[in-house]
Each structure stands twice: as structure tokens, then as C-alpha cells.
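Read the structure below first, then the notes.
Where a number appears in this text, it was derived from the coordinates with a stated rule and is not lab data. Computed from a prediction, not measured in an experiment: that's the story for all the values here. Quick reminder, even Gly has a Cβ in these numbers, built from the backbone with ideal geometry, and neighbours come from all protein chains shown.
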Amino acid sequence: MVDSQYILPNNIGISLLDCKEAFQLLSKQEKLYAHYLSKASWYGGLVVLLQTSPESPVIYVLLTKIFRSQAPAELEPVATVAGLSSDEFQALLVYAAAVYANMGNYKSFGDTKFIPNLPKEKLKALVWQSKAFQENPADMEALWSLCGDLMYSLDERKKQLGLGAKGEATFFLSPPPPRRSMSSFVYLFQRISAYNTRLLKEVNAEGKTCYEIRLASVLTQANPAEGEADCKCCSTEFEGALFRVTRGDYSPIMEKVVENLQLAKTFAANTNEAQMLEEYIRSFTTGSIESHKEGSRYWIKDKGPIVESYIGFIESYRDPYGSRGEFEGFVAVVNKAMSAKFAQLVASAEQLLLELPWPKEFEKDQFLKPDFTSLDVLTFAGSGIPAGINIPNYDDIRQSEGFKNVSLGNVLAVAYSTEKEKLTFLAEEDKDLYVKWKGPSFEVQVGLHELLGHGSGKLFLQVSPGVVNICSGLLISFPQITSWYQKNETWDSKFSTIASSYEECRAECVGLYLCLNKDALKIFGYEGMEADDVSYINWLNMVRAGVLGLEFYTPENQQWRQAHMQARFVILRVLLEAGGGLVCVQHIIGSDGRPDAVISLDKSKILTVGQPAIEKFLRKLQVYKSMGDVEGGRAMYEHYSTVTEDCPEKFLTLRETVLLRKEARKLFVQANTQLQGSEVQLVEYEGNVAGLIRSFVERFADDGEQLETQLMQLYRADAKF
């Protein structure tokens with residue numbers, strides 16, 4: 001039997017992201033703006049297929065050809081003829097829906113591979129019986145030959161994303177150079193950001209090793225007329241290898257992105273939006289991250305838009321080096337009622353920041369009040385959908401110019417709803433309270449996490465030769481400050497493989513710490529006993545999340561596969577270390593006779609034991625981050641990240657119990673927008689696997705076959721490396 005970790009259950013949760021009410025309130029111009037931004041995002045989302053695994057684009061093309069020719073209802077009798085049972089056909093639909101929702105055959109949350117839960121021979125028989133095969137047998141047979149075996153492969157390296165022998169990674173189409181060479185290369189090309197790049201390696205006809213840094217762009221060759229980015233397309237020899245920078249990665253897809261951003265620009269509401277899109281267009285055309293940063297500056301200035309969006313190579317969670325961004329694009333509509341609460345939180349932010357447990361010198365010189373809105377998602381293209389976002393990720397902009405926070409309201413509403421009978425690892429006496437307050441408490445946590453977690457803290461930076469943004473008095477009172485970020489060093493580049501998880505841990509700790517603040521809870525409408533319950537459930541949810549996080553740890557290579565879940569496990573370890581009976585994890589035998597566990601959190605000890613422990617830990621997290629002290633920060637973080645059996649909780653045994661009891665994450669069905677004359681219509685789908693599949697087939701109805709041809713061309717170009 002295949003380990004259940006690598007298959008998805010037939011009863012996987014699937015929810016429709018409802019944005020109908022918010023969309024209908026938009027003006028005609030706003031709907032057109034949202035429509036073209038959505039199309040740009042969905043086209044760009046196809047890049048993620050190429051960023052995930054070599055076979056992902058081929059699997060996508062194979063499935064899409066099948067379902068374009070026959071909808072699931074039409075395909076079902078064909079499946080019967082091919083020998084599939086009803087459960088096996090449902091498993092195929094679940095697999096296809098998951099490939100679309102994750103933009104590839106690896107889970108966006110956890111980075112483990114998933115395979116079809118039906119025999120390969122039966123799936124092949126269905127492909128051969130399909131209408132798509134009857135119409136073009138040569139193409140379909142070729143697609144199957146390219147991806148059939150890889151689709152099912154669970155070789156050790158194929159089980160998860162990673163680097164080298166530890167997993168799959170198409171950010172690197174071949175093994176990257178040693179760290180020393182990589183560091184030297186970054187030094188040589190220090191004006192190049194890694195966000196929109198991939199690394200390729202080959203040996204030329206003379207036997208010389210060649211490393212190519214490929215920029216994502218429409219342009220495929222240097223053109224001096226295009227300006228800033230062109231000086232970066234160069235080559236040099238170093239340490240016996242040839243290093244070169246080129247552009248043109250994902251060119252056909254980036255061209256579609258740019259076309260739709262140009263159309264969206266004609267419906268922009270103001271000059272900030274128009275200039276923002278102009279810079280994004282320049283960035284995606286030339287491969288310039290500097291242009292994307294400039295667009296992000298205009299985005300920050302665009303306060304309180306009705307239609308909010310962001311697009312580009314953003315989050316670096318999946319890059320083994322923690323530097324390259326995965327493509328994502330979102331379009332959402334403001335939820336005015338919830339946004340009013342967040343506006344109150346922003347207004348109170350400077351006062352709440354004073355409550356954080358580090359010296360004021362470790363806080364930004366000035367809090368740049370950001371936009372903080374609750375949004376109903378219309379479109380979120382990429383590998384997955386978060387509950388909240390704090391962007392841009394560019395350190396220099398965040399430190400001195402600002403940022404924005406968004407909470408995705410309709411995602412929170414369906415993703416974090418809880419059914420009592422499905423709760424694991426909680427004591428019976430906690431379950432009713434947990435069901436009642438998990439959603440509201442998580443809303444509070446997201447708000448505090450994004451605004452005051454990611455939005456807080458100062459980085460000590462070299463601002464010019466010999467000048468650091470540290471006052472001389474601080475160096476006297478804190479002589480331990482002996483390091484800072486040198487010119488061109490960033491948080492991601494310095495802390496590398498732990499940067500994402502470390503920062504998520506810091507933000508989660510801020511949320512835990514401040515949710516005990518009565519003034520903060522009052523902003524969200526909770527006082528008295530309700531406020532106490534919200535705080536308690538928030539802490540209990542974090543403890544439970546730390547246990548659930550063990551699913552995302554791989555003992556074979558001692559690697560964490562998900563930044564947030566590693567962060568939550570670290571917090572669990574900190575609270576367990578605090579002692580005093582605050583947290584208890586007990587192994588038991590469940591009512592079904594199988595291994596189980598139950599966690600408990602002593603509510604009376606949160607303020608006396610829990611809060612001081614988080615305070616001390618949070619202070620350390622910030623001090624190491626401010627100073628860029630990689631050695632100290634990494635040692636501390638990796639200590640708490642260690643999963644061992646040599647402790648009362650027996651974490652490796654607990655992990656097996658977590659895997660036994662785990663529930664698959666929900667998949668989301670998103671609406672489409674379509675032009676009917678000059679009007680934009682919202683097209684919604686059923687909240688099931690058939691609806692999710694149909695939404696993707698119709699998403700590229702006008703040029704789907706052309707896109708599939710282009711994806712296969714890009715696949716073949718990558719396959720030679």
C-alpha cells in the first residue's frame with residue numbers, strides 16, 4: 001500500500017471562495033480592471049508548474065486535454081469501460097483538482113508529492129479510452145510517455161521538494177555550485193536579485209562548466225534600448241567556471257501577463273495604479289527586479305483601493321536557498337466592515353508596538369502606517385492561498401518606505417471553519433469552546449501577525465560606506481551589537497534556509513504575545529470573558545498547530561518542508577520548555593484502538609508562565625534578526641526545530657500518530673470573469689472537484705491549446721538540463 005502521506009482522500013474538503021456580493025458592488029470600470037488583472041495573474045500562475053517539478057507542466061497539459069474534450073460527467077462512463085470503479089474515478093478527479101489547485105503535483109503546504117490513488121494501468125487505460133486520445137492519439141501517447149511513470153514515482157528524491165539528493169527543485173535545473181562559488185557569484189553580480197531567477201548548469205563543448213542565471217522576462221536577448229536590466233545580461237569567468245546572466249525565462253507566459261497588465265492599466269482608478277502597472281510591465285518585459293520594486297512603491301502609495309492586487313515573484317518558501325520567489329498574483333475586493341476594525345488596529349499600532357519585549361532601539365525609527373484591509377478574494381493564482389499577507393518583501397522598502405497588510409476574509413471564513421467531530425488531539429472539555437472561537441481568534445492572530453509581527457522590528461543596515469543606522473549610544477549600552485547587514489545583504493540572503501520560517505515564528509510570537517493585551521482585543525470587539533476565551537483559544541490553537549506541524553517534518557533527511565509549521569513547532573517547544581505544567585502532550589490509545597494523543601493548556605498559567613516564555617524568546621528572535629547574527633540566530637532556531645524521541649513527548653512517535661490522524665487541507669474553487677460585450681460577468685462553479693476542474697478548463701478557453709503548446713516547448717527546453 002502507498003503511504004497515505006502521498007495520496008489525497010476521496011472525501012477531501014473543497015470549498016467555493018464566494019466573492020459574488022463584493023464583485024457585484026464594483027463599478028463597470030472596476031470590474032474591467034479586476035478582470036484584466038485576474039487574467040494576468042492566471043497566466044502568470046502557469047509559471048508555477050515549471051517552478052514545481054519537471055513533470056508538472058506535462059501532467060497539467062495531459063489532464064487539461066482530457067477534461068477539455070470531456071467534462072467529468074461525460075468522462076465517467078468512459079472510465080467504467082476502462083475498468084475504473086466509482087471510487088477510482090473519484091480519485092482521478094481529486095488528483096486532477098489537486099494538480100490545478102497546487103499548480104503542480106506537490107502540495108503547496110508541505111511540499112510533499114501526491115500521486116493518483118488508482119493503479120497506473122487503469123489510469124493509462126482511461127487516457128487511451130478518452131475522447132482526447134481518439135482525436136489525437138500521437139500527442140496523448142507522447143504526453144503519457146513523458147509523465148506517466150514520473151506521476152507515480154515515489155523514489156526518495158521525488159517524495160518532496162528539496163535540493164540535490166534531498167528532493168526535487170526546479171529553481172535549480174541542475175545542482176547549484178558550491179556555496180563558496182555561489183557567494184562569489186552573488187558578489188560579482190551583486191545588483192541582481194534572485195527573486196525572478198533560475199540557475200542552470202551545463203558543460204560546453206570545450207569542457208568548461210557554465211552556470212547560467214536566467215531572468216524571467218518577455219525579452220529573450222539583450223537590448224540596450226530597454227535600459228537598466230540590460231547591463232546585467234553579461235558573462236564572466238571565475239574559479240574555472242563561466243558565469244553568465246541571460247533573460248527570457250518563461251517568455252511566452254510573461255508576454256501574456258504583460259498584455260493583460262497593459263489592458264488593466266487603461267482602467268486604473270488613479271495615477272498610482274497606472275504607474276504601478278507600468279513598472280510591473282517593465283519588470284516582466286526586461287527581467288528587472290528594480291522595476292518591480294518601483295511598482296511596489298506605487299502600490300504602497302495606492303491607499304484604500306476598492307480593487308486590491310499584487311503580482312510577481314513574491315514568496316521564497318519553496319526555494320531551498322530561501323531567495324528565489326514563486327510566482328503569484330491576486331485580485332481582491334475590499335470588505336469594508338472588517339477593514340474598519342483593521343484601520344483601528346493601525347491607528348493603535350504605535351502604542352501596541354511599545355508593548356513588544358525588545359528595547360525601543362531595536363524598533364523602526366518611525367512606524368510607517370500601512371494600509372490594512374480585509375479582502376474578499378476574486379483571484380489568487382499560484383500554488384496556494386494564504387489567510388493574510390504582509391508585502392512587499394523587499395527589506396529596503398519595508399524598513400524606510402512602508403508596506404501593506406491584507407487579511408483574506410472569504411478565505412478565513414471557509415478555510416478555518418471547524419467541525420467538532422473532526423477535531424484531533426484536543427480534550428473533550430475544550431472542543432466546544434474551540435469550535436466557537438477558533439475562527440474569531442485566528443482573525444485576531446492574523447491581524448496582529450501581519451501588522452505588528454511582520455511590520456515590526458528594525459534591521460541594522462550599512463546605509464553608506466562606513467555609516468550604519470545605529471545610534472552611538474546604543475553601541476555603548478549594547479556592546480554585544482557587533483554585526484549588521486552589509487551593503488547588498490538582505491534578511492533572505494543572510495539567513496537563507498531558515499529565513500522564512502524564522503520570520504514566520506517571530507510574527508506568530510508577536511500575535512500570541514499581543515493577543516493577551518486587552519486594548520488589542522477590544523479593537524476586534526472582544527472584552528471581558530469573551531476576550532479571555534479568544535486569547536485562550538488562540539494559544540491552544542498554536543499548541544495544537546505545533547503538534548500538527550510534525551506532519552511536515554521528514555525524519556529521513558531531518559528537514560522541515562513548511563515554514564509556518566516549523567515555526568509553530570518551535571513555539572510548542574518553547575512553551576514545553578517553560579515547564580510549570582503550562583502545556584502537556586499525552587500519548588493515549590483512542591476509542592478506535594489506534595494510537596492517539598491529547599494536548600492540554602493550563603489557562604491559569606498563560607500569564608504567569610506562557611507570556612514570560614514568549615517574551616524572552618521573542619526578544620532573542622528580534623535581537624538576532626536586527627543584528628543579522630546568523631550564527632546565533634540559526635543555532636537557537638535549529639535547537640528548537642529539532643525533532644527527537646529523547647524527550648517526554650517522544651516527537652517521532654507523536655509524528656506517526658499525527659500522520660495516522662491527519663486531515664487533508666481543503667482545496668478552493670475560484671470564480672472566473674468573462675467579457676460579454678463591454679460588460680464583465682462573474683462565472684461561479686460548484687464547490688466540488690468537478691467545479692474546480694471546470695473552472696481551470698474554462699479559465700483559458702480562448703487560447704488553451706496555444707498555452708499548452710508553449711508549456712510543452714518550455715518543458716522541452718528545461719529537459720535538456
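With mean projected area of the Cα convex hull in nm² in mind, check (i) 31.7; (ii) 38.4; (iii) 45.6 and report the label derived from this structure. Step by step, mean projected area of the Cα convex hull in nm² for this structure corresponds to label (i).
Any chance you could check the Cα centroid distance between the stretch 252-328 and the stretch 3-76 for me, in angstrom? The two parts, judged by their Cα centres, are 21 Å apart.
What order, most packed first, do the peptides 652-661, 557-566 have when packing is the mean number of other Cβ atoms within 10 Å of each residue? Mind showing how you got there, number by number?
On the way: 652-661: 16.8, 557-566: 20.7.
Put in order of decreasing packing, that is 557-566, 652-661.
Counting pairs of alpha carbon atoms under 8 Å apart in space and at least six apart in sequence, what relative contact order in percent does the chain give? Numbers along the way, then the final one.
Details: 1281 pairs, mean separation 119.3, N = 721.
Contact order relative to length: 17 percent.
Taking LYS303 as the anchor, which aspartates and glutamates have their alpha carbon closer than 15 Å to its alpha carbon, excluding any fewer than eight residues away along the same chain? LYS303 reaches GLU273, ASP371, GLU401. Here the Karplus relation 6.51 cos²θ - 1.76 cosθ + 1.60, evaluated at θ = phi - 60°, turns the backbone of the stretch 71-85 into coupling constants of 5, x, 5, 6, 7, 4, x, 5, 4, 4, 4, 6, x, 7, 6 Hz, with x for every Gly and Pro. Quotient of the Cα radius of gyration of the stretch 425-661 and 2.2 N^0.38 Å, N being its number of residues: 1.09. With both labels modelled 7 Å from their Cα along Cα-to-Cβ, the LYS650 to LEU154 distance reads 2.5 nm. Given R0 = 41 Å, the distance between the Cβ atoms of LYS518 and LYS303 translates into a calculated FRET efficiency of 0.90.
Can you give the extra length, in nm with one decimal, that the chain gains between ARG244 and SER464 once fully stretched, where that is 0.36 nm per residue apart less the Cα-Cα distance? Kindly include the intermediate steps, with their values, before the conclusion.
Working: separation 220, 0.36 × 220 = 79.20 nm, distance 2.83 nm.
Between ARG244 and SER464, full extension yields an extra 76.4 nm.
For a Förster distance of 22 Å, can you work out the FRET efficiency between the beta-carbons of ALA71 and LYS422, rounded to the nearest 0.05? All intermediate terms of the calculation are to be shown ahead of the outcome.
Working: r = 31 Å, r/R0 = 1.39.
The computed FRET efficiency comes out at 0.10.
Counted residue by residue at 0.36 nm each, then reduced by the alpha carbon distance between them, the extension gain from GLU686 to GLU206 reaches 167.0 nm.
Which entries in the list LYS265/LYS487; LYS404/LYS616; LYS293/LYS404; LYS293/LYS369 go over 23 Å, if you measure between the two C-alpha atoms of each? As for pairs spanning more than 23 Å Cα to Cα, those are LYS265/LYS487; LYS404/LYS616. Coupling constants for the stretch 380-390 follow from the phi torsions by the Karplus curve (6.51 cos²θ - 1.76 cosθ + 1.60, θ = phi - 60°), and in residue order they are 9, 9, x, 8, x, 10, x, 8, x, 9, 10 Hz; glycine and proline get x.
Run the helix sum for the chain: -39,500 (n - 2.57) per DSSP H stretch of 4+ residues, divided by residue count, reported at 222 nm to the nearest 500 deg cm²/dmol. Intermediate results must be reported in sequence, preceding the final value.
Details: 29 runs with 343 residues, N = 721.
That comes out to -14500 deg cm²/dmol.
At full extension, THR608 and SER27 could sit 203.9 nm farther apart than now, given 0.36 nm per residue minus the alpha carbon distance.
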